[in-house]
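Q: To start, I am sharing the structure in question, which I have written as structure tokens.
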Amino acid sequence: MNNIKNHWETVFATKTETEVSWFQAYPKTSVEFLELFNLPLEANIIDIGGGDSHFVDVLLEKGYKNIYVLDISEKALLRAKQRLDDKATLVHWIVTDVTEFKPEVKFDFWHDRAAFHFLTTEGRIDKYVQIAEDNIKPDGYLILGTFSENGPQKCSGLDIKQYSEASMSNRFERSFERIKCISEDHLTPFNTTQNFLFCSFKRGNQ
């Protein structure tokens, strides 16, 4: 586990935000999913693997009051805090591996763009699914963005797990109902294209 953490600390210590493939100046697709569900401003919202993503900026601009950002890299979150300056105090920052996450609250909206696909063993995938099941409220929402079967097989030098609409849905079907999935081409800062799959799910009441 330390090797994974060290990898990401090195990435965020040595590369600027526009030197990593996942950079988005504005997270358009994530925001569209957020707006689809018309959440109250008091909703508990978490960005899993949020790093120094700009999704938190949008959440703050929209006036959400209970925002959580989780990442394995302390340096990634520090960069986001520095960018947000005084507004950073309005956010709950969590440094941990997601498979070891022990939330203190339940979430209305769980967002993950490009973290889940780094889990490549059954054990770690199962842990993630269980944590999401246990900590997303009944009728809460789960948004996942991963590389599709037409996307890359590696990211940042690490193997990833590609997903189709069917394979992603199968992972979460025990407790979640799929709402919709979309395919998206992400243009990296290096002018290459990565195909993503985004799926949204609603937590059941059971």
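Q: When residue 42 is evaluated against the numbered criteria (1) closer than 30 Å to residue 123 by Cα; (2) outside any helix (DSSP H, G or I), which criterion, by number, is the only one it fails?
A: Failed condition: (1).
Q: Considering (1) of a type outside the set (Ser, Thr, Tyr); (2) at pLDDT 95 or above; (3) surrounded by 21 or more Cβ atoms within 10 Å (Cβ to Cβ), say which one residue 86 fails and leave the rest.
A: Evaluating residue 86 over (1) of a type outside the set (Ser, Thr, Tyr); (2) at pLDDT 95 or above; (3) surrounded by 21 or more Cβ atoms within 10 Å (Cβ to Cβ) leaves (3) as the failure.
Q: Scanning segment 5-19 for residues that are modelled with pLDDT of 80 or more and touching a helix residue (DSSP H, G or I) at 6+ places or on another chain (Cβ under 8 Å), which turns out surrounded by the most Cβ atoms within 10 Å (Cβ to Cβ)?
A: Looking at residues that are modelled with pLDDT of 80 or more and touching a helix residue (DSSP H, G or I) at 6+ places or on another chain (Cβ under 8 Å), I get 9.
Q: I've got another one for you. Looking only at segment 20-45, filter to residues that are among the small types (Gly, Ala, Ser) and surrounded by 17 or more Cβ atoms within 10 Å (Cβ to Cβ); which one of those is modelled with the highest pLDDT?
A: Per the criteria, the residue is 43.
Q: Restricting attention to segment 163-197, and to residues there that are modelled with pLDDT under 95 and touching a helix residue (DSSP H, G or I) at 6+ places or on another chain (Cβ under 6 Å), which single residue is nearest to residue 28 (Cα to Cα)?
A: Here the residue is 184.
Q: Which condition breaks for residue 63 when tested against (1) in contact (Cβ under 8 Å) with a residue 12 or more places away in the chain; (2) outside any loop (DSSP other than H, G, I, E, B); (3) among the small types (Gly, Ala, Ser)?
A: Unmet for residue 63, out of (1) in contact (Cβ under 8 Å) with a residue 12 or more places away in the chain; (2) outside any loop (DSSP other than H, G, I, E, B); (3) among the small types (Gly, Ala, Ser): (2).
Q: How many residues does segment 178-203 contain that are under 19 Å from residue 111 (Cβ atoms) and more than 19 Å from the chain's Cα centre (by Cα)? Before you say what the answer is, go through the steps one by one.
A: From segment 178-203, those under 19 Å from residue 111 (Cβ atoms) are 178-184, 186, 194, 196-203; that's our starting set.
Next, only the ones that are more than 19 Å from the chain's Cα centre (by Cα) stay: none.
Going through segment 178-203 one residue at a time, the tally reaches 0.
Q: If residue 119 meets every condition in (1) closer than 19 Å to residue 106 by Cβ; (2) modelled with pLDDT of 90 or more apart from one, which number is that one?
A: Condition (1) is where residue 119 drops out.
Q: Just a yes or no: is a residue in segment 68-76 crowded, with 22+ Cβ neighbours inside 10 Å, free of Cβ contacts under 8 Å to residues at least 60 places away in the same chain and of a type in the set (A, V, I, L, M, F, W, C)?
A: Yes, segment 68-76 contains a residue that is crowded, with 22+ Cβ neighbours inside 10 Å, free of Cβ contacts under 8 Å to residues at least 60 places away in the same chain and of a type in the set (A, V, I, L, M, F, W, C).
Q: Can you name the condition, by its number, that residue 69 falls short on among (1) closer than 22 Å to residue 18 by Cβ; (2) assigned to a helix (DSSP H, G or I); (3) at pLDDT 95 or above?
A: Going through (1) closer than 22 Å to residue 18 by Cβ; (2) assigned to a helix (DSSP H, G or I); (3) at pLDDT 95 or above one by one, residue 69 breaks only (2).
Q: Same structure, new question: Which members of segment 72-117 meet the condition of being in contact with a helix residue (DSSP H, G or I) (Cβ under 8 Å, 6 or more places away or on another chain) and of a type in the set (Gly, Ala, Ser)?
A: 73, 76, 80, 88, 115
Q: While we're here: Of all residues in segment 95-126, count the ones that are in a loop (DSSP other than H, G, I, E, B) and more than 15 Å from the chain's Cα centre (by Cα).
A: Result for segment 95-126: 7.
Q: Out of 147, 109, 116, report the one residue that is in contact with a His (Cβ under 6 Å, 6 or more places away or on another chain) and aromatic (Phe, Trp, Tyr).
A: The unique qualifying residue is 147.
Q: If we keep just the residues of segment 139-186 that are of a type in the set (S, T, N, Q) and in a strand (DSSP E or B), which is nearest to residue 43 (Cα to Cα)?
A: Going through the qualifying residues, I end up with 146.
The values are calculated or read from the model by the stated rules, or taken from the named source; none is laboratory data. These numbers were taken from a predicted model, which means no experiment stands behind them. Here Cβ is always computed from backbone atoms with ideal geometry, including for glycine, and neighbour counts include all displayed protein chains.
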